[in-house]
Amino acid sequence: MRIHHFAMEVKDLALSKTFYENVLGFKEHSKPTFLGEKIVFLELAGFKLELTELIGNNKQTIIDREHVHLCFEVDDLREKIRRFEEMHIAPEEGPYQLNNGWETVFYQGPDNEILEFLEINIPNNIISQETKNE
């Protein structure tokens, strides 16, 4: 068994698709139909994101994504932050450095979804400790 995709309902499919393609580098994978819903699958590095547009009265639904987030691992967090600054997109939180050496920053997507960007840095003292244990 393996994970196929992460799905998210959005208020404006075109706006969200453009954001994920232009800001984060996703590419369109497919546009299946299901019970008349507007759906698009986007893909980035083997990860699939399904965007489904809310329809009818559901468009007024406030989507609470306060406790859910999507995390992207990046090689250079400072470069990612710089690219967002160029697009005049400010972080919601961070950047932060965690006690394990990881660095993270949070942004808000077009439907209030929380997007985390994480750089995995392992401090030398942890690396040397792991080497001793092998």
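The values are calculated or read from the model by the stated rules, or taken from the named source; none is laboratory data. All of these numbers come straight from a predicted model, not from anything done at the bench. Using ideal geometry, Cβ is built from the backbone for each residue, glycine included, and neighbour counts are taken over all protein chains shown.
Is it the case, given these coordinates, that Phe34 is among the aromatic types (Phe, Trp, Tyr) and in contact with a helix residue (DSSP H, G or I) (Cβ under 6 Å, 6 or more places away or on another chain)?
It is false that Phe34 is among the aromatic types (Phe, Trp, Tyr) and in contact with a helix residue (DSSP H, G or I) (Cβ under 6 Å, 6 or more places away or on another chain).
Residues that are in contact with a Lys or Arg (Cβ under 8 Å, 6 or more places away or on another chain) and modelled with pLDDT of 95 or more: list the strands (runs of 3 or more DSSP E) wholly contained in segment 18-75 that include at least 1 such residues.
Hits in segment 18-75: 27-30, 39-44.
So, in segment 108-128, of the ones that are assigned to a loop (DSSP other than H, G, I, E, B) and of a type in the set (Val, Ile, Thr), which residue ends up modelled with the lowest pLDDT?
Ranking the candidates gives Ile122 first.
Identify all residues within segment 87-114 that are more than 23 Å from Leu15 (Cα to Cα), among the hydrophobic types (A, V, I, L, M, F, W, C) and surrounded by 13 or more Cβ atoms within 10 Å (Cβ to Cβ); write none if there are none.
Trp102
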